[in-house]
Every structure is written in structure tokens, then in C-alpha cells.
Amino acid sequence: MSLHIGAEAGEISERILLPGDPLRAKWVAENFLENPVQYNSIRNMFGYTGTYKGQRVSVQGTGMGIPSISIYVHELFTQYGVQRAIRIGTCGAIADDVKVGELILAISASTDSAVNRRATNGLDLAPHANFHLLSAAYQAAKKFKVHVGGVSSMDQFYDSTDALEKLREFNVLALEMEASALYTLAAKMRREALAILTVSDHVITHEAMDPSAREKTLNEMVEVGLETLIS
Ligand code: HPA
């Protein structure tokens, strides 16, 4: 057991999907995995291990924001030997040519969080995806509408600063709240990481996903995530 994950050693696969929402972890386990076994319920942050196409995989909720995902990823890397971690989540588009319902593979994840600067003693690290995972995900995703580009992991969902305009200036495609921490921890601990995101809303146009599109694009994201996990 770790502090926040109730699994015994060996109960979690080296390959894991990381949705922010613990109920999405449950939904993925029940709808996409064979023989899922729940290994965590501490704080209702559900985690499951099962098989996908005969390969053992896990899915673990991380909660929202850099502090929360950092706790789970740290414990998964240091105490459960996770080697390959793929975030699946939603994001808010800020680029004009990115539409609601489309997928984004985050090649890099900038951030306004202080965590990375503290990690590098003031340097601006460029947190980036693992190339093998990015390439495999692109192969799995290209039959859908997919973008590959930079995102930014913001500390504030309700941000009243000019960050949005600045990030648009530098062609950042979308905002979310976790990928940067995942990439930084993976770099430090020499693990493989990727964030696969579906665009749930557009921050500039305020377009939002309707419930039927939501189901379809979430299915696409999970399929791409699982195929990449076993690649
Ligand atoms: N900001 C941050 N995270 C998000 C957003 C957003 O607008 N939409 C979905 N996740």
C-alpha cells in the first residue's frame, strides 16, 4: 500500500491509463477491460486492473490539477513500478482551428504552475511526450480528427489573467490542468508518458460538447489510449 493507493505490490500493471475523473476510471474498466478488479477506493479515487486484447493494463483516477495528479503518478512510479502512463482527459481549446469533439495529442505541456520551476531551481523546463507513445497514438488516432501540438496545464480553471492571449500568441492549442506534471515526473524518473485529450469546450467561442458527441469522442480517446498502452 502507498499513502493514497490501497493496492498491494503487483496489483497494478506497468501500463496505466490516467483519467482525471475516478468515475471515468470505473467506466473505462467496466466497458473496455476484461475481468477488471478494483484495487483502490481510498478517497473514492478508483483504480482497476484488467486485460485489454489479452494484455494486462490498469486505469487509475488522478483528480484535478497538478498537485493531485502528482501524488498519484509519484506513487505509481516509485511504489508500483509503472513504466508507461497515459493521461486521458478533456481540455478547453484556445486555437481557432481546434473544434469541440476533436482529439489532441499533447507533444508538449507548458504550465503556469510553480512546481516545474522549483523542480529545476528556476529553469523553464520543456515538458514533452514520449516519442514512441506519441507516434503509436498518432497511428491509432489518425482515422479520427486529431491534432498534435502543445497544450498548457493551468493552475486555475477560472483564470482572469491574460494567460489565454499569451498562450494563443505562441500557438498553444488547448488548456487542461495535469499533463505538465505527468511529463515532468516521467522525465525525471525515466518513464514513458503521453496525454491524449478530447476537446470538451472552446474557451474563446464557448462552444461546448453535446451529450451524444461526448460519448463518441470519449470512446475514441479510450480506444486510442488503450491501443497506445499495448503498442
Ligand atoms: N481550462 C482548463 N482545463 C479544462 C478546460 C479549461 O478551459 N476545459 C476542460 N478542461
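The values are calculated or read from the model by the stated rules, or taken from the named source; none is laboratory data. Just so you know, these numbers come straight off a predicted model, no measurement behind them. Here Cβ is always computed from backbone atoms with ideal geometry, including for glycine, and neighbour counts include all displayed protein chains. Please note that ligands, DNA and RNA were not included when accessible areas were found on the heavy atoms of the full protein model with its side chains. Shrake-Rupley method; radii C 1.70, N 1.55, O 1.52, S 1.80 Å.
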* To do: Those residues that are of a type in the set (Ser, Thr, Tyr) and open to solvent by less than 30 Å² (accessible area, probe 1.4 Å), I need them from region 71-112; list them, please.
  => Tyr72, Tyr80
* Asked: For region 172-189, what are the residues that are away from the ligand (no atom under 12 Å from the Cβ) and either over 22 Å from Ser113 (Cβ atoms) or touching a helix residue (DSSP H, G or I) at 6+ places or on another chain (Cβ under 6 Å) (or both)?
  -> Ala181, Leu182, Thr184, Leu185, Met189
* Hey, could you check region 183-217 for residues that are at pLDDT 95 or above, out of contact with any Leu (no Cβ under 7 Å at 6 or more places or on another chain) and assigned to a helix (DSSP H, G or I) and say which is surrounded by the most Cβ atoms within 10 Å (Cβ to Cβ)? => Tyr183
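Residues are listed down the side, and each one gets a yes or a no for (1) among the aliphatic types (A, V, I, L, M); (2) touching a helix residue (DSSP H, G or I) at 6+ places or on another chain (Cβ under 9 Å):
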{"site": "Gly101", "(1), (2)": "no, yes"}
{"site": "Leu105", "(1), (2)": "yes, yes"}
{"site": "Lys142", "(1), (2)": "no, no"}
{"site": "Met154", "(1), (2)": "yes, yes"}
{"site": "Glu169", "(1), (2)": "no, no"}
* Structure fact -> Here the residues within region 146-166 that are touching a Leu at 6+ places or on another chain (Cβ under 7 Å) and either part of a loop (DSSP other than H, G, I, E, B) or more than 10 Å from the ligand (Cβ to nearest atom) (or both) are Val146, His147, Val148, Gly149, Gly150, Met154
* **Matching residues, region 68-93, being within 16 Å of the ligand (Cβ to nearest atom) and either of a type in the set (S, T, N, Q) or not in a helix (DSSP H, G or I) (or both)** => Ser68, Arg87, Ile88, Gly89, Thr90, Cys91, Gly92, Ala93
* Subset of region 45-67 [more than 16 Å from the ligand (Cβ to nearest atom) and touching a residue at least 24 places away in the same chain (Cβ under 8 Å)] -> Met45, Phe46, Gly47, Thr49, Tyr52, Lys53, Gln55, Arg56, Val57, Ser58, Val59, Gln60
